[in-house]
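Undergrad: Got a structure for you, written out below as structure tokens; questions coming shortly.
The values are calculated or read from the model by the stated rules, or taken from the named source; none is laboratory data. Keep in mind that this is a model prediction, so the values were computed, not measured. Positions of Cβ are generated from backbone atoms using ideal geometry, with glycine treated the same way; all protein chains shown enter the neighbour counts. Ligands, DNA and RNA are excluded from the accessible area calculation, which covers all protein heavy atoms including side chains. Shrake-Rupley method; radii C 1.70, N 1.55, O 1.52, S 1.80 Å.
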2 protein chains.
Amino acid sequence: MVDNNIKEFDDELSEKKLKILEAAIKVFSEKGFDGSRTSEIAKEANVAEGTIFKYFKTKKDILLSLLLPLTLKFIKPLTMKSAEDILNKGKDEPVDEVLKRLLYDRLHLVKKNMPLVKTVVIESLYHEELLVPIKEKLAPQVLELLDGYVNYHKEKGDFKDYDTRFITRTIMSMLLGYVVLSSAFPEFFSMGDDENEIERIVDVLLNGIKNGGV
Amino acid sequence: MVDNNIKEFDDELSEKKLKILEAAIKVFSEKGFDGSRTSEIAKEANVAEGTIFKYFKTKKDILLSLLLPLTLKFIKPLTMKSAEDILNKGKDEPVDEVLKRLLYDRLHLVKKNMPLVKTVVIESLYHEELLVPIKEKLAPQVLELLDGYVNYHKEKGDFKDYDTRFITRTIMSMLLGYVVLSSAFPEFFSMGDDENEIERIVDVLLNGIKNGGV
DNA sequence: ATATTAAGTGAGTGAATACTCACTCTGGGA
DNA sequence: TCCCAGAGTGAGTATTCACTCACTTAATAT
């Protein structure tokens, strides 16, 4: 199924189409979908406006096409590299090490693709066509992987006996909160480099902020 | 200063203007600012389209006007009711009780005003005119209050010796993550009623998910 | 009653913009 | 060299939409 996507990706992706997609990501992320003009995307892509409509039936078509690169970039590395880290190598390593590596990895993936992520996340709030595939394809894969890891360590007794999905959500919350708050309000919330931040985040996630109950 | 706002609020707010603002919040939150039509806002408010422009110079003026109700709703109750809870009554109560009350209170404030919050948060990503007052007025007040509480308990030895702002951010992260994830993906992340969720969230915040290091 | 003012209206306007289409260019096959 | 297919173009078009303004209605004062 993933291979299918890649094939589709390679097949359809001429030089120009790729440039249009990249330009669209840039413009959409700066102005929002409805605030973006196809003329600006064309200029940004060094292409005539008409060319856009040779590749995409409508403006909304461009937006929907962003799902493919998003899925490719996030699902593939997740199931490949990080799944490997977590589920294989990670099984015998301490949880804090593995969680730190995982969060750091995801953090950088998000930061590297911020405009794409920002656009898809925000526009999916207004266009169901975007949200549906996310809920049906992307989310389940991510959740299955994380839930699996959490369950493994719950059963091993490493984690407390909270609901699995609750723990999964908490892990995601902490990363989400960091990304959102530190990039929206860098002057208030960006205190160190990502590596140190992640380290502290995982510490708190595992042990809390309360001074030892001993 | 707060009183100033209220006076301004009361003075300017005729019946019609209020109806237009409420309609705008609804339409903006459903379609986004650039996706919204003044004609639809007018219809939603049971008002002629021209009337909108008697009260607001431009469409963007409507958006900027949303800052006032937002600030009033969030700053005033925060500094009043919750500040009282936290700083006075809360000083001698256990931190978990106070945090639970605080988060529960804020959660419901956000949920009750979701369309307004959603609109302001998202549109501030695209319109600096919105973000600037948030950063200069709203954020500092919220942070001062929370930082104060955190500092108090850090000094008392209740909290570990993390950077104050880091703890503050973590508290906000956990609430933000819960609100965002459970409302964007209710089928994946809504597991219980808010009260129970908050309770677990504060537990994890204080003690972490790791099984006792004892 | 009448005048005065303010509040509200909605048809009209001009600018903007997503999309079309008749055309041009280019590279490779005969 | 000539031809052709199809990639690319950009001026043109039809529509949409924020905003205006000449007018109506309602309320209050005189």
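Undergrad: Of the conditions (1) in a helix (DSSP H, G or I); (2) within 15 Å of DNA strand D (Cβ to nearest atom); (3) surrounded by 17 or more Cβ atoms within 10 Å (Cβ to Cβ), residue A:68 clears all except one; give me its number.
TA: Among (1) in a helix (DSSP H, G or I); (2) within 15 Å of DNA strand D (Cβ to nearest atom); (3) surrounded by 17 or more Cβ atoms within 10 Å (Cβ to Cβ), residue A:68 violates only (2).
Undergrad: Going through region B:12-29 one residue at a time, which ones are more than 14 Å from DNA strand D (Cβ to nearest atom) and open to solvent by less than 60 Å² (accessible area, probe 1.4 Å)?
TA: Correct list: B:13, B:17, B:21, B:25, B:29.
Undergrad: Looking at the structure I just gave you, is residue B:89 open to solvent by 60 Å² or more (accessible area, probe 1.4 Å) and among the basic types (Lys, Arg)?
TA: yes
Undergrad: Let me ask another. Please count how many residues of region A:119-129 are under 18 Å from residue B:183 (Cβ atoms) and either at pLDDT below 95 or open to solvent by 50 Å² or more (accessible area, probe 1.4 Å) (or both).
TA: Of the residues in that region, 3 qualify.
Undergrad: To continue, here is another question. What are the pairs, 6+ residues apart or on separate chains, where a residue within region B:50-65 that is over 15 Å from residue B:13 (Cα atoms) and within 8 Å of DNA strand D (Cβ to nearest atom) has its Cβ under 6 Å from a residue that is open to solvent by less than 60 Å² (accessible area, probe 1.4 Å) and part of a helix (DSSP H, G or I)?
TA: Filtered contacts from region B:50-65: B:59/B:38.
Undergrad: Now a separate question. Of all residues in region A:30-47, which are surrounded by fewer than 23 Cβ atoms within 10 Å (Cβ to Cβ) and part of a helix (DSSP H, G or I)?
TA: A:30, A:31, A:38, A:39, A:40, A:42, A:43, A:44
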